[in-house]
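We did not get these values from a lab; they are worked out from the coordinates using the rules stated. Predicted model only: the values in this text are computed from it and were never measured. With ideal geometry, Cβ positions are generated from the backbone for all residues, glycine too; neighbour counts draw on all protein chains shown.
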Amino acid sequence: MTQEDLLRRSMAAVWHPCTQMKRHERFPLLAIRRGEGLWLESTDGRRFMDAVSSWWTNLFGHCNPDINAAITDQLGQLEHAMLAGFTHAPVVELSERLSALTGHALGHAFYASDGASATEIALKMSQHFWRNLGRPEKNRYLCLEDAYHGETVGALAVTDVSIFRDAYAPLVRPARTVPSPDARRAEPGESALDVAVRAAAALEATLEAHHTEIAAFIVEPLVQGAAGMVMHDPEYLRRARGLCDRYEVHLIADEIAVGFGRTGSFFAHEQAGIRPDLLCLSKGITGGYLPLSCVLCTDTIYQAFYDDRLARAFLHSHSYTGNALACRAALAVLDLFARDQVLERNRDRARWLDEAFAPRLAERPVTAVRQRGMILAFDVLDAPDDFAQQMFARGLDEQILVRPIGNTVYLMPPYIFDRAQAEAMAQATCRALDRTKA
Ligand SMILES: *Cc1c(COP(=O)(O)O)cnc(C)c1O
């Protein structure tokens, strides 16, 4: 297939995600033929540094030899078997290792295939827990303003992004929102910590008034990703944990984007010294190889379902639950974290990113430069309406894949770049930015 042929046929036959297809008349699709490490290569031979880890999934580069080898090995043994009534070594080992990574606080793993399904599972589990305890009135949820937890109908209840939700409003039973602890909301003289304390007070007031009907509070710890890499002080999570305990409300940590080392610690909630009751994982879990998601829960929650009566069980399933290939990919990812001391080495990488970007951004019309581990973001001043699309296109000209959210430019690269590549990312990003503004 020639490049033109591929693009024309894709436009006709493939409905692309999160896309107004008509815009591809002005901004053509790009056909990718291979990936290697940080790089993606298009069918016309151009190369792009994947600075957003292909929608935040790819942790160790494209075509990673170790993950390839693990999946190939698994292919020769078992590709998939239904997980109802059956089990297999990869799913058992993965569950045990994820449990260990939570200090065994979250010792039971339930699997699905994508992030939104993990959100749905956590919401259902929480409500069903309270029902099994004889408190069926606890069936509503709290989420942060601008929260993003996925786009299926159930997950939209806790996704406070109007562009994703408004069209489907008749289908959705929206959660109650509480103020975001967004550090950018600091008044003159205030710190991120002050904003967190203020937002926690608002959470307290809402819980005080409504806790009898609230099953769970769901939060993206430290960074609200799809809201535009909105960052907050860990103190917010510490206070939220205390308030959820006091008012008997589950705390759901949605670490679909921020888990697996993205914010500097293996799980983001660790930086607050807390554990959630339910933890949602996906995206980086397989290093960007295969669809897999997981909800980890406490023994208290698990035990409320363990009973002779079928109706008290968690009767939720997906065909590909616990897929053996995906679990093997996830095990390979955990092996890489251990073998290559990734969390430690990422401290250097985080510094390289800062050192590469800080001086360049200081002389450009941007604000709210912020970083948490392997996420760096800034907001562009006086950005035109189609800034995100323009910047994406100019980025490709500069051999970098960046996909701004509104006027927020962010970098979320795989954990494999060196200092020179951090410089190259900063240089390419700033060149694309300069050309977008012009
Ligand atoms: C991406 C994301 C989801 C949804 O995951 P999908 O696999 O796209 O359904 C949910 N929550 C957060 C925080 C995410 O970043």
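Laid out as a table, the results:
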read-out: Furthest towards positive pole of dipole, Asn139, His149, Trp39, structure part the range 39-155, Cβ charges; value: Asn139
read-out: Integer Hz, Karplus 6.51/-1.76/1.60 couplings in order for the range 3-10, x for Gly and Pro; value: 4, 4, 4, 4, 5, 4, 5, 5
read-out: Relative contact order of the range 69-340, pairs being alpha-carbon contacts under 8 Å that are 6 or more residues apart, as %; value: 27
read-out: Pairwise centroid distance, computed over Cα atoms, of the range 300-361 with the range 239-288, Å; value: 11
read-out: MRE, 222 nm, helices only [DSSP H, n ≥ 4, -39500 (n - 2.57), over the chain, to nearest 500]; value: -12000 deg cm²/dmol
read-out: Largest to smallest principal axis extent of the C-alpha atoms in the chain, angstrom; value: 62, 61, 45
read-out: Unit charges at the beta carbon, dipole of the chain: most positive-side option, Ala70, Ala89, Ile163; value: Ile163
read-out: Net charge dipole size for the range 110-216 [Lys, Arg +1 and Asp, Glu -1 on Cβ; Debye, nearest 20]; value: 460
read-out: Computed E for Cys63/Ala84 - FRET, C-beta separation, R0 30 angstrom, nearest 0.05; value: 0.35
read-out: The range 45-144, relative contact order in percent, only Cα pairs under 8 angstrom and at least six apart counted; value: 9
read-out: Dipole magnitude of the range 69-340, debye to nearest 20 (Cβ charges: Lys/Arg +1, Asp/Glu -1, about Cα centre); value: 400
read-out: Calculated from backbone phi, Karplus (6.51, -1.76, 1.60) coupling profile of the range 73-90 in Hz, x at Gly/Pro; value: 4, 5, 4, x, 10, 7, 7, 6, 9, 4, 9, 7, x, 10, 9, 7, 4, x
read-out: Span from the the range 78-126 Cα centroid across to the the range 362-393 one, whole angstrom; value: 36
